[in-house]
1. Give, as residue ranges, the strands (runs of 3 or more DSSP E) completely inside the chain that count at least 1 residues that are acidic (Asp, Glu), at negative phi and within 14 Å of the chain's Cα centre (by Cα).
2. Exactly one condition in (1) in contact (Cβ under 8 Å) with a residue 40 or more places away in the chain; (2) out of contact with any Gly (no Cβ under 8 Å at 6 or more places or on another chain) is not met by ASP79; state its number.
3. Restrict the check to the range 44-53 and report whether at least one residue is surrounded by 13 or more Cβ atoms within 10 Å (Cβ to Cβ), touching a Gly at 6+ places or on another chain (Cβ under 8 Å), of a type in the set (A, V, I, L, M, F, W, C) and at pLDDT 95 or above.
4. Is there any pair linking a residue in the range 40-60 that is within 10 Å of LYS18 (Cα to Cα) to one that is of a type in the set (D, E, K, R), with Cβ under 7 Å and at least six apart or on different chains, and which?
5. Against the conditions (1) in contact with a helix residue (DSSP H, G or I) (Cβ under 9 Å, 6 or more places away or on another chain); (2) without any contact (Cβ under 8 Å) to a residue 12 or more places away in the chain, where does THR28 fall short? Just the number, please.
6. For the range 53-80, which positions are out of contact with any Lys or Arg (no Cβ under 9 Å at 6 or more places or on another chain) and small (Gly, Ala, Ser)?
7. Quick one: what pairs do we get from the range 1-21, first residue of a type in the set (S, T, N, Q), second in a loop (DSSP other than H, G, I, E, B) and surrounded by 14 or more Cβ atoms within 10 Å (Cβ to Cβ), C-beta under 7 Å, 6+ apart or different chains?
8. Please go through the range 57-83 and pick out each residue that is closer than 16 Å to PRO4 by Cα and either in contact with a Cys (Cβ under 9 Å, 6 or more places away or on another chain) or exposed (fewer than 14 other Cβ atoms within 10 Å of the Cβ) (or both).
Amino acid sequence: MQAPEGWEIQRHPLGWSKRYAFANYAQTRHFLDLLTAVSEKLGYYPNLNFAKTYVVIAIQFENDAVDPERAKFAAAADDSAQQTRES
């Protein structure tokens, strides 16, 4: 399975990461709230780094194999970012 468009691939250990930029803190906060809901739904909590206008998500996989549930998180994060920017 390939990483979704825009996600960077780390090889060893296998992982994906992506930086999301926002216009202001309110958008960043809204995105983080949406990610919380995604994490609770999927039962996965990735590494997050954030500041006033950006969030970096790092998804790590075990045994150098893509976990479909974690891949779902990446897709949901992309959807959440789009929703945040449109609101």
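The values are calculated or read from the model by the stated rules, or taken from the named source; none is laboratory data. Everything numeric here is computed off the predicted structure, so don't read it as measured data. Glycine gets a Cβ as well: all are built from the backbone with ideal geometry, and neighbour counts include every protein chain shown.
1. 8-10
2. Result: ASP79 fails condition (1) only.
3. Scanning the range 44-53 turns up no residue that is surrounded by 13 or more Cβ atoms within 10 Å (Cβ to Cβ), touching a Gly at 6+ places or on another chain (Cβ under 8 Å), of a type in the set (A, V, I, L, M, F, W, C) and at pLDDT 95 or above.
4. Short answer, once both residue conditions are applied: VAL56/ARG19; ILE57/LYS18; ILE59/ARG70.
5. (2)
6. Listed by number, the residues that qualify are ALA65, ALA71, ALA75, SER80.
7. From the range 1-21, the pairs are SER17/TRP7.
8. Passing the criteria: ALA65, PRO68, GLU69, ALA75, ASP79, GLN82.
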